[in-house]
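In what follows, a structure is listed as C-alpha coordinates, so that the remarks can point back to it.
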Amino acid sequence: MIEVDHVYKIFDGKEVLQDVSTSYDAGIINMIIGSSGSGKTVLLKCIVGLLHPDKGSVLYDNRNFTNMNYRDQKKVRLEIGMLFQGAALFNSMTVFENISFPLKMFSNKTPKEVQMRVESCLERVNLEMKVAELYPSEISGGMQKRVGIARAIVNQPKYLFYDEPNSGLDPKTSRVIDKLIKDITNDLNTTTIINSHDMKSVFEIADNVVFIHDGKKWWDGNPDEIDDSKNAELLQMMDASGREIQSD
Ligand SMILES: Nc1ncnc2c1ncn2[C@@H]1O[C@H](COP(=O)(O)OP(=O)(O)O)[C@@H](O)[C@H]1O
Ligand SMILES: [Mg+2]
(Lines give C-alpha, C1' and ligand atoms only; values in the text may rest on other atoms or scores of the structure.)
(Ligands and ions follow the chains in the order given, each with its own letter.)
Protein backbone atom coordinates (compact mmCIF):
# COMPACT_ATOMS: atom_id res chain seq x y z
CA MET A 1 0.00 0.00 0.00
CA ILE A 2 1.15 3.50 -0.82
CA GLU A 3 -0.09 6.52 1.10
CA VAL A 4 0.26 10.13 0.00
CA ASP A 5 -0.09 12.33 3.06
CA HIS A 6 -0.83 16.07 2.66
CA VAL A 7 1.63 16.56 -0.20
CA TYR A 8 2.41 20.01 -1.60
CA LYS A 9 4.70 20.84 -4.53
CA ILE A 10 5.52 24.42 -5.39
CA PHE A 11 7.16 25.63 -8.62
CA ASP A 12 8.00 29.31 -9.06
CA GLY A 13 5.68 30.27 -6.18
CA LYS A 14 2.75 28.32 -7.64
CA GLU A 15 1.24 25.39 -5.76
CA VAL A 16 1.22 22.76 -8.47
CA LEU A 17 0.11 20.21 -5.86
CA GLN A 18 -1.94 21.42 -2.96
CA ASP A 19 -2.59 19.27 0.09
CA VAL A 20 -3.03 15.99 -1.80
CA SER A 21 -3.82 12.94 0.35
CA THR A 22 -4.61 9.58 -1.27
CA SER A 23 -3.92 5.90 -0.75
CA TYR A 24 -3.39 3.03 -3.15
CA ASP A 25 -3.89 -0.66 -2.35
CA ALA A 26 -1.96 -3.59 -3.80
CA GLY A 27 -3.41 -5.93 -6.42
CA ILE A 28 -5.84 -3.41 -7.93
CA ILE A 29 -5.63 -0.76 -10.64
CA ASN A 30 -5.32 2.71 -9.14
CA MET A 31 -5.72 5.51 -11.65
CA ILE A 32 -4.84 9.17 -11.35
CA ILE A 33 -6.87 11.12 -13.88
CA GLY A 34 -7.14 14.78 -14.77
CA SER A 35 -6.80 17.10 -17.71
CA SER A 36 -3.43 18.07 -19.14
CA GLY A 37 -1.42 20.25 -16.75
CA SER A 38 -3.50 19.32 -13.69
CA GLY A 39 -0.53 17.85 -11.82
CA LYS A 40 -0.65 14.09 -12.50
CA THR A 41 2.97 13.69 -13.53
CA VAL A 42 4.22 15.91 -10.71
CA LEU A 43 2.25 13.77 -8.25
CA LEU A 44 3.68 10.55 -9.68
CA LYS A 45 7.19 12.01 -9.55
CA CYS A 46 6.66 12.97 -5.90
CA ILE A 47 5.51 9.42 -5.19
CA VAL A 48 8.52 7.74 -6.84
CA GLY A 49 11.00 10.25 -5.42
CA LEU A 50 12.01 11.97 -8.66
CA LEU A 51 10.68 15.14 -7.02
CA HIS A 52 10.77 15.96 -3.32
CA PRO A 53 7.46 17.25 -1.91
CA ASP A 54 7.73 20.72 -0.36
CA LYS A 55 5.40 19.57 2.38
CA GLY A 56 3.87 16.24 3.32
CA SER A 57 5.13 12.71 2.80
CA VAL A 58 4.76 9.46 0.90
CA LEU A 59 4.65 6.10 2.70
CA TYR A 60 5.41 2.72 1.14
CA ASP A 61 3.79 0.02 3.28
CA ASN A 62 4.13 2.24 6.35
CA ARG A 63 7.72 3.24 5.53
CA ASN A 64 8.07 7.00 5.29
CA PHE A 65 9.88 7.27 1.95
CA THR A 66 10.05 11.07 1.89
CA ASN A 67 11.86 11.42 5.19
CA MET A 68 14.12 8.39 5.06
CA ASN A 69 17.89 8.46 4.69
CA TYR A 70 19.48 7.91 1.31
CA ARG A 71 20.42 4.27 1.96
CA ASP A 72 16.91 3.23 3.00
CA GLN A 73 15.42 5.19 0.13
CA LYS A 74 17.61 3.24 -2.25
CA LYS A 75 16.16 -0.02 -0.91
CA VAL A 76 12.63 1.18 -1.65
CA ARG A 77 13.71 2.37 -5.10
CA LEU A 78 14.78 -1.20 -5.91
CA GLU A 79 11.18 -2.27 -5.31
CA ILE A 80 9.86 0.25 -7.86
CA GLY A 81 9.26 -0.28 -11.58
CA MET A 82 8.20 2.56 -13.84
CA LEU A 83 6.98 3.00 -17.38
CA PHE A 84 7.70 6.57 -18.40
CA GLN A 85 5.51 8.50 -20.79
CA GLY A 86 6.38 7.46 -24.34
CA ALA A 87 8.18 4.32 -23.05
CA ALA A 88 11.54 6.20 -22.99
CA LEU A 89 13.61 3.32 -24.33
CA PHE A 90 17.31 3.75 -25.08
CA ASN A 91 17.40 4.00 -28.86
CA SER A 92 21.01 2.90 -29.19
CA MET A 93 20.37 -0.32 -27.28
CA THR A 94 18.65 -3.49 -28.45
CA VAL A 95 15.43 -4.64 -26.81
CA PHE A 96 17.45 -7.19 -24.83
CA GLU A 97 19.87 -4.50 -23.60
CA ASN A 98 16.98 -2.19 -22.71
CA ILE A 99 15.17 -4.81 -20.64
CA SER A 100 18.30 -6.09 -18.92
CA PHE A 101 19.59 -2.58 -18.12
CA PRO A 102 17.99 -2.30 -14.63
CA LEU A 103 19.14 -5.83 -13.79
CA LYS A 104 22.72 -5.02 -14.65
CA MET A 105 22.53 -1.74 -12.74
CA PHE A 106 20.94 -3.06 -9.59
CA SER A 107 21.75 -6.77 -9.26
CA ASN A 108 24.66 -9.19 -9.53
CA LYS A 109 23.05 -11.73 -11.81
CA THR A 110 25.12 -14.02 -14.02
CA PRO A 111 24.70 -13.63 -17.81
CA LYS A 112 22.66 -16.84 -17.82
CA GLU A 113 20.33 -15.53 -15.09
CA VAL A 114 19.97 -12.23 -16.95
CA GLN A 115 19.11 -14.09 -20.13
CA MET A 116 16.46 -16.17 -18.36
CA ARG A 117 14.90 -13.19 -16.64
CA VAL A 118 14.72 -11.19 -19.89
CA GLU A 119 13.15 -14.16 -21.64
CA SER A 120 10.50 -14.57 -18.97
CA CYS A 121 9.69 -10.82 -19.07
CA LEU A 122 9.39 -10.88 -22.85
CA GLU A 123 7.05 -13.83 -22.54
CA ARG A 124 5.06 -11.99 -19.86
CA VAL A 125 4.41 -9.09 -22.22
CA ASN A 126 3.64 -11.45 -25.11
CA LEU A 127 6.66 -10.66 -27.28
CA GLU A 128 8.62 -13.26 -29.19
CA MET A 129 12.26 -13.92 -28.30
CA LYS A 130 13.47 -12.78 -31.71
CA VAL A 131 12.36 -9.23 -30.83
CA ALA A 132 15.21 -9.12 -28.29
CA GLU A 133 17.80 -8.42 -30.97
CA LEU A 134 15.89 -5.54 -32.58
CA TYR A 135 16.30 -1.83 -31.85
CA PRO A 136 13.35 0.32 -30.62
CA SER A 137 13.15 2.07 -34.00
CA GLU A 138 12.50 -1.30 -35.67
CA ILE A 139 9.35 -2.14 -33.67
CA SER A 140 5.85 -0.62 -33.47
CA GLY A 141 4.66 1.82 -30.79
CA GLY A 142 2.62 -0.91 -29.10
CA MET A 143 5.64 -3.21 -29.01
CA GLN A 144 7.77 -0.39 -27.60
CA LYS A 145 5.27 -0.05 -24.73
CA ARG A 146 5.50 -3.79 -24.12
CA VAL A 147 9.29 -3.54 -23.99
CA GLY A 148 8.95 -0.60 -21.57
CA ILE A 149 6.68 -2.72 -19.38
CA ALA A 150 9.09 -5.68 -19.58
CA ARG A 151 11.88 -3.35 -18.42
CA ALA A 152 9.67 -2.01 -15.60
CA ILE A 153 9.01 -5.52 -14.24
CA VAL A 154 12.48 -7.02 -14.75
CA ASN A 155 13.52 -6.43 -11.13
CA GLN A 156 10.27 -8.00 -9.88
CA PRO A 157 8.98 -4.77 -8.33
CA LYS A 158 6.39 -4.50 -5.58
CA TYR A 159 5.31 -1.09 -6.86
CA LEU A 160 4.58 -0.32 -10.50
CA PHE A 161 3.96 3.10 -12.03
CA TYR A 162 2.79 3.96 -15.52
CA ASP A 163 2.69 7.53 -16.81
CA GLU A 164 0.17 7.74 -19.70
CA PRO A 165 0.75 4.19 -20.95
CA ASN A 166 -1.68 4.69 -23.83
CA SER A 167 -0.30 7.93 -25.20
CA GLY A 168 0.44 7.61 -28.90
CA LEU A 169 -1.38 4.28 -29.24
CA ASP A 170 -4.48 3.55 -31.31
CA PRO A 171 -7.62 2.58 -29.32
CA LYS A 172 -7.27 -1.14 -30.03
CA THR A 173 -3.64 -1.33 -28.96
CA SER A 174 -4.51 0.79 -25.90
CA ARG A 175 -7.01 -1.85 -24.77
CA VAL A 176 -4.40 -4.62 -25.21
CA ILE A 177 -1.85 -2.68 -23.13
CA ASP A 178 -4.53 -1.96 -20.49
CA LYS A 179 -5.29 -5.65 -20.19
CA LEU A 180 -1.60 -6.49 -19.94
CA ILE A 181 -1.14 -3.97 -17.12
CA LYS A 182 -4.16 -5.37 -15.29
CA ASP A 183 -3.00 -8.99 -15.68
CA ILE A 184 0.49 -8.16 -14.43
CA THR A 185 -0.98 -6.34 -11.43
CA ASN A 186 -3.13 -9.35 -10.57
CA ASP A 187 -0.38 -11.91 -11.15
CA LEU A 188 2.35 -10.09 -9.23
CA ASN A 189 0.05 -8.40 -6.69
CA THR A 190 1.87 -5.11 -7.23
CA THR A 191 0.70 -1.76 -5.96
CA THR A 192 -0.04 -0.20 -9.34
CA ILE A 193 -0.66 3.46 -10.14
CA ILE A 194 -1.50 4.64 -13.65
CA ASN A 195 -1.61 8.27 -14.77
CA SER A 196 -4.09 8.66 -17.58
CA HIS A 197 -6.43 10.96 -19.37
CA ASP A 198 -7.86 8.00 -21.34
CA MET A 199 -11.39 7.71 -19.97
CA LYS A 200 -11.94 4.45 -21.74
CA SER A 201 -9.18 2.91 -19.62
CA VAL A 202 -10.88 4.23 -16.51
CA PHE A 203 -14.05 2.30 -17.26
CA GLU A 204 -12.23 -0.77 -18.60
CA ILE A 205 -9.67 -1.46 -15.90
CA ALA A 206 -9.67 1.05 -13.01
CA ASP A 207 -10.68 -0.15 -9.56
CA ASN A 208 -9.88 3.09 -7.79
CA VAL A 209 -9.85 6.58 -9.32
CA VAL A 210 -8.29 9.79 -8.04
CA PHE A 211 -9.29 12.89 -9.99
CA ILE A 212 -6.79 15.73 -9.83
CA HIS A 213 -8.01 19.19 -10.76
CA ASP A 214 -5.78 22.23 -10.60
CA GLY A 215 -3.30 20.48 -8.29
CA LYS A 216 -5.94 19.37 -5.80
CA LYS A 217 -7.58 16.04 -5.18
CA TRP A 218 -11.00 16.92 -6.51
CA TRP A 219 -12.72 13.54 -6.24
CA ASP A 220 -11.96 9.88 -5.58
CA GLY A 221 -13.96 6.70 -5.79
CA ASN A 222 -14.55 3.77 -8.11
CA PRO A 223 -15.59 4.15 -11.76
CA ASP A 224 -19.19 3.08 -11.04
CA GLU A 225 -19.61 6.12 -8.83
CA ILE A 226 -18.50 8.68 -11.42
CA ASP A 227 -21.91 9.19 -13.07
CA ASP A 228 -23.57 9.93 -9.73
CA SER A 229 -20.68 11.96 -8.39
CA LYS A 230 -22.33 15.36 -8.98
CA ASN A 231 -18.80 16.66 -9.48
CA ALA A 232 -19.07 19.20 -12.29
CA GLU A 233 -15.40 19.15 -13.36
CA LEU A 234 -15.22 15.36 -13.33
CA LEU A 235 -18.45 14.99 -15.32
CA GLN A 236 -17.24 17.63 -17.75
CA MET A 237 -14.10 15.63 -18.35
CA MET A 238 -16.16 12.49 -18.91
CA ASP A 239 -18.44 14.30 -21.35
CA ALA A 240 -15.49 15.71 -23.26
CA SER A 241 -14.15 12.19 -23.80
CA GLY A 242 -17.60 10.62 -24.26
CA ARG A 243 -17.76 11.44 -27.94
CA GLU A 244 -14.40 9.79 -28.44
CA ILE A 245 -15.57 6.69 -26.57
CA GLN A 246 -18.60 6.26 -28.79
CA SER A 247 -16.87 6.97 -32.07
CA ASP A 248 -14.34 4.12 -32.16
N1 LIG B 1 9.90 21.05 -13.30
C2 LIG B 1 8.88 21.94 -13.36
N3 LIG B 1 9.11 23.26 -13.15
C4 LIG B 1 8.08 24.15 -13.18
N5 LIG B 1 6.79 23.82 -13.40
C6 LIG B 1 6.52 22.53 -13.62
C7 LIG B 1 7.53 21.51 -13.60
N8 LIG B 1 6.95 20.31 -13.83
C9 LIG B 1 5.63 20.56 -14.00
N10 LIG B 1 5.37 21.88 -13.87
C11 LIG B 1 4.04 22.51 -13.96
O12 LIG B 1 3.16 21.81 -13.09
C13 LIG B 1 1.87 21.72 -13.64
C14 LIG B 1 1.42 20.28 -13.67
O15 LIG B 1 2.19 19.56 -14.60
P16 LIG B 1 2.06 18.01 -14.85
O17 LIG B 1 2.07 17.29 -13.56
O18 LIG B 1 3.11 17.64 -15.84
O19 LIG B 1 0.62 17.89 -15.52
P20 LIG B 1 -0.11 16.60 -16.11
O21 LIG B 1 -1.36 16.46 -15.33
O22 LIG B 1 -0.40 16.93 -17.54
O23 LIG B 1 0.82 15.44 -15.98
C24 LIG B 1 1.94 22.36 -15.02
O25 LIG B 1 1.47 23.69 -14.90
C26 LIG B 1 3.41 22.34 -15.34
O27 LIG B 1 3.76 23.39 -16.18
MG1 LIG C 1 1.67 14.15 -17.43
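The values are calculated or read from the model by the stated rules, or taken from the named source; none is laboratory data. Please read all numbers here as calculations on a predicted model, not as lab measurements. All Cβ positions, glycine included, derive from the backbone under ideal geometry; neighbour counts span all protein chains shown. Heavy atoms of the whole protein, side chains included, go into the accessibility calculation; ligands, DNA and RNA do not. Shrake-Rupley method; radii C 1.70, N 1.55, O 1.52, S 1.80 Å.
Quick notes
- Max mean-square fluctuation residue, GNM over the chain, Cα-Cα springs under 10 Å, options ASP163, ASP228, ASP19: ASP228
- The Cα atoms of region 171-248 define a convex hull whose projected area, averaged across directions, is 5.5 nm².
- Gyration tensor (alpha-carbon) shape descriptor, region 16-60, a/c threshold 1.5: oblate
- Principal-axis tilt of helix 232-247 within the chain, Cα atoms, nearest 10 degrees: 50 degrees
- THR191 - accessible surface, heavy atoms, 1.4 Å probe, Å² rounded to 10: 0 Å²
- Structure note, pairs LYS9/LYS217; LYS14/LYS200; LYS45/LYS158; LYS172/LYS200; LYS130/LYS182: Cα-Cα distances above 20 angstrom occur for LYS14/LYS200; LYS130/LYS182.
- Rule-of-thumb Rg ratio for region 95-156 [Cα; 2.2 N^0.38 Å; N residues]: 1.01
- Estimated from the Cβ-Cβ distance and a Förster radius of 25 angstrom, the FRET efficiency linking SER140 and SER167 is about 0.95.
- Tensor-based shape of region 121-242 (alpha-carbon gyration tensor, a/c under 1.5 rounded, otherwise prolate or oblate): prolate
- Rolling a 1.4 Å probe over the heavy atoms of the protein chains gives the chain an accessible area of 49 Å² per residue.
- Where only C-alpha atoms are counted, convex hull volume of region 1-84 per residue in Å³: 104 Å³
- Inter-site label distance for GLU97 and MET68 at 7 Å from Cα along Cβ, in nm: 3.2 nm
- Length available on full extension from PHE11 to LYS75: 0.36 nm per residue minus the Cα-Cα distance, which gives 20.2 nm.
- Multiplying each eigenvalue of the alpha-carbon gyration tensor of the chain by 5 and taking the square root yields semi-axes of 30, 23, 15 Å, largest first, rounded to whole angstroms.
- Magnitude of the charge dipole, region 95-156, Cβ model with Lys/Arg +1 and Asp/Glu -1, debye to 20: 200 debye
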